[in-house]
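Take a look at the structure set out below.
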Amino acid sequence: MTSPTDILPVGLEDSLPSSAARITAAMRACLDVLDSHGYDRVRPPLLEFESSLAARMPGLQTPNMFRFVDPASLRTLALRSDITPQIGRIAATSMKDAARPLRLAYSGDTALIRASQLDPARERLQLGAELIGTDTVEAASETVTLAIEALQAAGLTGISVDFTLPDLVDTLAAQDMSLSRNTIEAIRRELDTKDAGGLTAAGGAAYLPLLFATGPFEDAMAKLRELDAGGVLATRLDGLEAIARRVDAMENATESGIENGGARITLDPTERHGFEYQSWFGFTLYAEGVRGSAGRGGTYRIGGSEEPASGFTLYLDRLAEGAPEPEAAQVVYLPQGHDRDAAAKLRREGWRTVAQIGEDEDAEALGCTHVLEADGARELG
């Protein structure tokens with residue numbers, strides 16, 4: 001029987017050996033991809049002053065963070081809910097004089113006070129990359145294709161990427177001076193909920209076609225081009241098409257019937273949930289076997305320095321659900337009095353070893369596939 005003292009809080013769970021192995025393998029594969037593209041890993045602290053986290057990322061919800069008073073400084077500390085603001089702080093302070101564009105990678109735990117019903121997890125293992133110091137289509141393209149390549153390296157298939165334009169409403173509303181701030185906010189809200197009736201009632205009838213400019217990328221883009229009669233969105237739409245071409249050109253397509261390279265591409269131009277601090281471009285990643293999204297990213301500006309950047313975050317513990325089981329290792333049981341030099345040689349060759357500690361141990365029950373004998377490793381069974 002489980003003791004009440006052994007029950008974990010809602011939204012938190014243990015990762016047992018099989019799950020932890022998948023997460024670790026996915027993390028290593030993703031970090032190797034980022035490193036191969038010139039992204040240097042940094043490790044910001046788990047805790048920071050609340051004011052510092054809030055200052056670097058507009059729209060960050062600090063009330064959703066675990067907060068408490070630091071007995072040393074008597075200032076409010078916060079347990080990070082997102083690592084991206086910390087990368088922004090590093091870029092704006094410790095690495096402000098580093099050459100641009102600056103490429104940084106990270107991996108670490110985050111926590112939330114409360115989660116959503118759709119995603120009840122209150123702890124996440126994030127991994128990501130930030131490209132800092134430039135706001136170009138080329139930079140955004142690198143971010144998207146790098147994220148897809150990282151997912152592929154982790155063994156995920158059926159990858160799709162959904163593009164969005166986070167500042168779409170602001171861009172269009174800037175051309176219509178008759179709309180009040182309250183009306184614009186109401187239009188955003190109704191577009192978020194995809195409510196055509198509510199959108200009309202809010203004074204946003206002109207924005208109704210945006211609700212239908214969604215779906216497969218080419219079809220949705222054609223509808224957006226038709227809507228953009230004045231050419232207000234031309235630069236952004238050209239940018240989206242250039243990014244899509246980069247995704248189309250990717251090598252190492254998955255084996256799930258994808259013909260256009262690394263991922264299927266869709267477009268939902270009015271999607272804003274999770275893109276509160278993004279500027280002109282955002283994207284969400286999906287993959288087979290992964291509940292919800294595998295990650296998201298886009299372009300933004302670092303609070304305080306206003307330096308442009310683009311990046312992405314992958315949710316490792318979530319995407320590991322769709323990752324394949326790591327290849328089973330050969331495990332050698334080492335009886336008492338075994339040849340230690342021979343055991344060390346096996347480990348150098350990539351074997352795992354389990355040394356006998358007590359009497360009456362069952363080597364096979366301990367997961368061993370071989371036993372070390374005088375003439376080498378002999379297969380059990």
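Numbers at a glance
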quantity: Of all residues in region 122-143 being farther than 14 Å from residue 81 by Cα and of a type in the set (D, E, K, R), the one that is surrounded by the most Cβ atoms within 10 Å (Cβ to Cβ); calculated: 130
quantity: Filter result (in contact with a Gly (Cβ under 7 Å, 6 or more places away or on another chain) and either assigned to a loop (DSSP other than H, G, I, E, B) or of a type in the set (A, V, I, L, M) (or both)) within region 123-137; calculated: 129, 131, 137
quantity: Scope region 163-190; condition of a type in the set (Gly, Ala, Ser) and in a loop (DSSP other than H, G, I, E, B); matching residues; calculated: 174, 178, 180
quantity: Close pairs (7 angstrom Cβ cut-off, 6 or more residues apart or separate chains): under 26 Å from residue 145 (Cβ atoms) in region 226-242, among the β-branched types (Val, Ile, Thr) and part of a helix (DSSP H, G or I) anywhere; calculated: 233/171; 239/137; 242/137
quantity: Sole residue being modelled with pLDDT under 95, in contact with a helix residue (DSSP H, G or I) (Cβ under 9 Å, 6 or more places away or on another chain) and crowded, with 18+ Cβ neighbours inside 10 Å, chosen from 82, 119; calculated: 82
quantity: The one condition in (1) touching a strand residue (DSSP E or B) at 6+ places or on another chain (Cβ under 8 Å); (2) surrounded by fewer than 18 Cβ atoms within 10 Å (Cβ to Cβ); (3) on the phi < 0 side of the Ramachandran plot that residue 159 fails to fulfil; calculated: (2)
quantity: Members of region 199-210 that are surrounded by fewer than 19 Cβ atoms within 10 Å (Cβ to Cβ) and either farther than 15 Å from residue 270 by Cα or within 30 Å of the chain's Cα centre (by Cα) (or both); calculated: 200, 201, 203
quantity: Entirely in region 13-122, the strands (runs of 3 or more DSSP E) that have 1 or more residues that are in contact with a Lys or Arg (Cβ under 6 Å, 6 or more places away or on another chain); calculated: 47-49, 76-79, 102-111
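The values are calculated or read from the model by the stated rules, or taken from the named source; none is laboratory data. No experiment lies behind these values; they were computed from the predicted model shown. Positions of Cβ are generated from backbone atoms using ideal geometry, with glycine treated the same way; all protein chains shown enter the neighbour counts.
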